[in-house]
Amino acid sequence: FWLSIATATSHSGYQELIVGNFRTTISAFHHQLHHRYFNCNYGNPDMPLDQWFGSFNDGTSRATKSLLRNQE
């Protein structure tokens, strides 16, 4: 179910999805970093593939500097 709506939620601009008593983080911020830098955060935070392959950016200045250094 989640993968079928992941694209819509990651582009929604919202950080959290609340339906009744169900609440989950959808982390649009994580995906917006992908649109800004293009070479990070290809997946979503629920699957740690970006962390495994070194393409994860958590938005900190340290991670961004490292990302930009690797981009050159």
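Every number in this text was worked out from the coordinates using simple rules, so none of it is lab data. Quick caveat, the model's predicted, so the values are computed rather than measured. Note that each Cβ is placed from the backbone with ideal geometry, even for glycine, and that neighbours are counted across all protein chains shown.
Distance in nm between label sites at L49 and Q15, each 7 Å beyond Cα in the beta-carbon direction?
That separation, rounded to one decimal, is 2.6 nm.
Report the calculated FRET efficiency for K65 and T24 (r = Cβ-Cβ distance, R0 = 35 Å), to the nearest 0.05. Don't jump to the answer; show the numbers that get you there.
Details: r = 30 Å, r/R0 = 0.87.
Computed FRET efficiency for K65 and T24 comes out at 0.70.
Arrange the following residues from fewest to most other Cβ atoms within 10 Å of their Cβ: D50, D58. Spell out each step's value before the answer.
Details: D50 19, D58 15.
With the fewest neighbours first, D50, D58 line up as D58, D50.
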